[in-house]
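The values are calculated or read from the model by the stated rules, or taken from the named source; none is laboratory data. Quantities reported herein were computed from a predicted structural model and do not represent experimental measurements. Neighbour counts run over all protein chains shown; Cβ positions are idealised from the backbone, glycine included. To get the accessible areas, we keep the full protein, side chains included, count just its heavy atoms, and leave off ligands, DNA and RNA. Shrake-Rupley method; radii C 1.70, N 1.55, O 1.52, S 1.80 Å.
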Amino acid sequence: MSNNAGAEIALIHLFVHLVNAGSFTQVAKELQMPVATVSRKISKLEAHLNTQLIMRSTRRIRLTEEGGALFERYQGVIAQLDVLNHPSKAKPEGTLRLATPISITSMLLMEAITEFSIAYPDIQLHISQNNQTIDLIDEGVDVAIVGGAQPDSSWVSKLFGVLHYGLFAAPSYLDKVAAVSHPKQLVEHNLVKMWPLFNWVLIHKQLGEFYYEGPAKLTLSDIHGAVKATVAGAGIMYGPTKFVEQEVASGALVPVLPQWQGETRRISLLYHQRSHQPLKVQLFLDFMLSKSASIFG
């Protein structure tokens, strides 16, 4: 720290709030100062430290390596100072940025996310739905919900739930085709593939594993669309059992080769590794984990 430590801390305080807010416009609104003033003060901090901290764009900010290191070093300290100086700041508020897969959000998570939104009216939710791997830091994400392998080992991963896969088809389709007694016969059928498991793994207790990597009649990136197509008679789909519970219960879909179990897919909550987790993030993590059994059970 320089001799003018108070002024330097004030600039770092602004920088940490800028990173948490995700944009110059948002932090200016939160701290009630002009955007130009925010930009000028951040530039002053960069000049003082003789390093670039952020890469600016019209949509968002992206931290440089040095900016990320500075944020990690001081964000816990700044958060504690905010609580000491403004006790009301301990209440949950601000924008919480989430990254989630498209189908999981719409078909499994929206009810719980809406409950959280109602329970914490001062927290604004910004949900980016995308099936592709994204740069979580670049997008300013606070919490990501992902399936399968963790995209970034620098993030903390907590098990949220597990999806079990199986084969399903509509009676209207099965009535028109030859009975399926072994997975090797799948190549003779119309198949419906969906993101993210385009290659299928089936496991039999006595017969071992079977892999299907062949063609499909219909391939989609949206699970909801795949379910609707299968109900309409498009063919045999390989998908999460949780997503077709209602269709199976109503008879719109029936299991195919139920003695062959599909694979299981881990769903995880990812978040920054921080010494002092923002209250809005901790509340969301605790809330969603408390809903895990009802969501995936």
* To do: Please work out which residue is modelled with the highest pLDDT, limiting yourself to the range 84-103 and to residues that are open to solvent by 60 Å² or more (accessible area, probe 1.4 Å) and not acidic (D, E).
  => I102
* To do: Quick one: Q259 ticks every box in (1) crowded, with 20+ Cβ neighbours inside 10 Å; (2) modelled with pLDDT of 90 or more except a single one, so which number is it?
  => (1)
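Residue-by-condition table, conditions (1) among the charged types (D, E, K, R); (2) open to solvent by less than 50 Å² (accessible area, probe 1.4 Å); (3) touching a Ser or Thr at 6+ places or on another chain (Cβ under 8 Å):
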{"position": "P215", "(1), (2), (3)": "no, no, no"}
{"position": "I223", "(1), (2), (3)": "no, yes, yes"}
{"position": "A229", "(1), (2), (3)": "no, yes, no"}
{"position": "A234", "(1), (2), (3)": "no, yes, no"}
{"position": "Y238", "(1), (2), (3)": "no, yes, no"}
{"position": "F243", "(1), (2), (3)": "no, yes, yes"}
{"position": "T264", "(1), (2), (3)": "no, no, no"}
{"position": "Q277", "(1), (2), (3)": "no, yes, no"}
* Asked: Taking only pairs six or more apart or across chains, which ones have beta-carbon atoms under 8 Å, a first residue in the range 34-52 that is farther than 20 Å from G68 by Cα, and a second residue that is open to solvent by less than 70 Å² (accessible area, probe 1.4 Å) and at pLDDT below 90?
  -> P34/A28; V35/F24; V35/A28; T37/A28
* Return only the number of the condition from (1) touching a strand residue (DSSP E or B) at 6+ places or on another chain (Cβ under 6 Å); (2) modelled with pLDDT under 80 that R60 does not satisfy. => (1)
* To do: Determine which single condition V281 fails, assuming it passes every other condition in (1) aliphatic (A, V, I, L, M); (2) at pLDDT 95 or above; (3) touching a Phe, Trp or Tyr at 6+ places or on another chain (Cβ under 7 Å).
  => (2)
* To do: Take the range 25-81 and flag every residue that is among the basic types (K, R) and either out of contact with any Lys or Arg (no Cβ under 9 Å at 6 or more places or on another chain) or in a helix (DSSP H, G or I) (or both).
  => K29, R40, K41, K44, R59, R60, R73
* Asked: Among the residues of the range 263-278, how many are modelled with pLDDT of 90 or more and assigned to a loop (DSSP other than H, G, I, E, B)?
  -> 1
